[in-house]
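What follows is a short report on a single structure.
The values are calculated or read from the model by the stated rules, or taken from the named source; none is laboratory data. Worth saying up front: this structure is predicted, and the values here are computed from it rather than measured. In this analysis, Cβ positions are derived from the backbone assuming ideal geometry, glycine residues included, and neighbour counts consider all displayed protein chains. Ligands, DNA and RNA are excluded from the accessible area calculation, which covers all protein heavy atoms including side chains. Shrake-Rupley method; radii C 1.70, N 1.55, O 1.52, S 1.80 Å.
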Amino acid sequence: AKRSGGGQFRFFAPAMLRGMEERRTLEADLVRALRQGEFVLYYQPQIDLRDGHVNGYEALLRWQHPVRGLIPPDLFIPLAEETGLIVPIGDWVLGEACREAATWCAGTAGGVLPKVAVNLSARQVAGDALPITVARALAASGLEAGRLELEITESALLEDGDAARILAGLRELGISIALDDFGTGFASLSTLRRFPFSKIKVDRSFVRDMATSPEARAIVQGVSELAQRLGMVTTAEGLETTALVEMARELGCNEGQGYYFGRPAPVARLHASAATICAT
Ligand code: C2E
Ligand code: CA
Ligand code: CA
Ligand code: CA
């Protein structure tokens, strides 16, 4: 084998070993990132499609890497899930999102402050610790339970039988639960019956197809009607154009999210009409 820089046999190592080495480096990097505060949250507005008000913001994790720059979640969350690091990382996200949201003061005309929506991974939903973690994040930040929304995908719910009971407990506290990426999983209808969702987020793949596919439009309309009958709100994800926004509204979606309304941005760069920080 040939030596590469640093005396390592990198270049000629079998691909799999090289992969493992990279994974270990990334894993160690993630631990360091958490300790040294390299994670940041970006926020994307969720807009009421009737009146254009900001109902809330979804917190989206980013890694401000000292060398590699800003890293999107798709590049490190899968490994964080595999290694279990997603649990401490997710705890940080929850705490940070509640802390930041507690400082927002600009609300709608009616004085309603925007919610903050936090993504949960399967591991966070599966453990018994979730209610405690959530209660702690609320207590430490002073955020009202009514301003917190938890986003959960169907695949995260398939893994655990206790999830329904845990989520029902959270809802009793006033926390909202959103079913994320709806339409990408399976067993969707039984999921809607088993879990106490307040909101269904229709996946971007359906939303995008509304422009060209009558079937996609029929599905979005059907989901909105079903949601309404079940007492849930519908959010269309990934709205990028005026035409899609109009369609989502006409098909009965209550809320929209997407680049049309705003890309995810750090709190400091959020739209002026939106979450302004009062104190500090
Ligand atoms: P998601 O929960 O479905 O989040 C929506 C993703 O779609 C975000 O990508 C957002 O930037 C992107 N998006 C929003 N509007 C548009 C649009 O109009 N067009 C297009 N093309 N994309 C749009 P992002 O921030 O890269 O996050 C990717 C995924 O990473 C998220 O998908 C979520 O599953 C996961 N994720 C992000 N933050 C967290 C976190 O704190 N915890 C966990 N467990 N997962 C997270
Ligand atoms: Ca989400
Ligand atoms: Ca989603
Ligand atoms: Ca997604």
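What to note about this one:
- Within-12-Å neighbourhood charge of M210 [Cβ basis; K, R +1; D, E -1]: -3
- The charge dipole of the stretch 84-168, taken about its Cα centre with unit charges on the Cβ atoms of Lys, Arg (+1), Asp and Glu (-1) only, comes to about 280 debye.
- Net charge dipole, the chain: roughly 720 debye, given to the nearest 20, about the Cα centre with Cβ charges of +1 for Lys and Arg and -1 for Asp and Glu.
- Positive-end residue of V67, L34, L150, charge dipole of the chain with Cβ unit charges: V67
- On a per residue basis, the chain carries 51 Å² of accessible surface, using protein heavy atoms and a 1.4 Å probe.
- Rounded to 5, the percent of DSSP beta bridges in the chain classed as antiparallel: 40 percent
- Based on DSSP H segments of at least four residues, each scored -39500 (n - 2.57), the chain has a per-residue ellipticity at 222 nm of -12000 deg cm²/dmol.
- Electrostatic dipole magnitude of the stretch 118-203 [Cβ: Lys, Arg +1; Asp, Glu -1; Cα centre; debye, to 20]: 200 debye
- Square roots of 5 times each gyration tensor eigenvalue, C-alpha, the chain, largest first, Å: 33, 23, 21
- With viscosity 1.567 mPa s and temperature 4 °C, the Kirkwood radius over alpha carbon pairs of the stretch 134-192 converts through Stokes-Einstein to a diffusion coefficient of 104 µm²/s.
- With viscosity 1.567 mPa s and temperature 4 °C, the Kirkwood radius over alpha carbon pairs of the stretch 17-108 converts through Stokes-Einstein to a diffusion coefficient of 87 µm²/s.
- Alpha-carbon Rg/Rh ratio, for the stretch 50-199, with Rh computed the Kirkwood way: 0.97
- Here is the list for the stretch 147-211: chymotrypsin sites (Phe, Trp or Tyr not before Pro) lying in DSSP coil, each with at most 13 other C-beta atoms within 10 angstrom of its C-beta, are F186.
- Note on D203: accessible area approximately 20 square angstrom, rounded to 10, probe 1.4 Å, nucleic acids and ligands left out.
- Residues whose placed amide H lies under 5 Å from that of W104, excluding near-sequence neighbours: none
- The DSSP beta bridges internal to the stretch 24-132 are antiparallel in roughly 75% of cases.
- Applying a DSSP loop filter and a limit of 12 other Cβ atoms within 10 Å to the trypsin sites (Lys or Arg not before Pro) in the stretch 31-96 leaves R50, R68.
- Between the listed residues A243, A216, P78, the Cα displaced farthest toward the positive end of the dipole of the chain, a dipole computed from Cβ unit charges relative to the Cα centre, is found at P78.
- GNM top mover of S198, S141, S213 - the chain, alpha-carbon springs below 10 Å: S213
- Computed over the stretch 222-263, the quotient of the alpha carbon radius of gyration and 2.2 N^0.38 Å is 1.14.
- Candidate membrane-span-like segments in the chain, meaning DSSP H helices with Cα atoms spread over at least 20 Å of their own axis and a Kyte-Doolittle mean of 0.0 or above, are 86-101, with no membrane implied.
- Fraction of alpha-carbon pairs over 19 Å apart in the stretch 128-233 - percent: 47 percent
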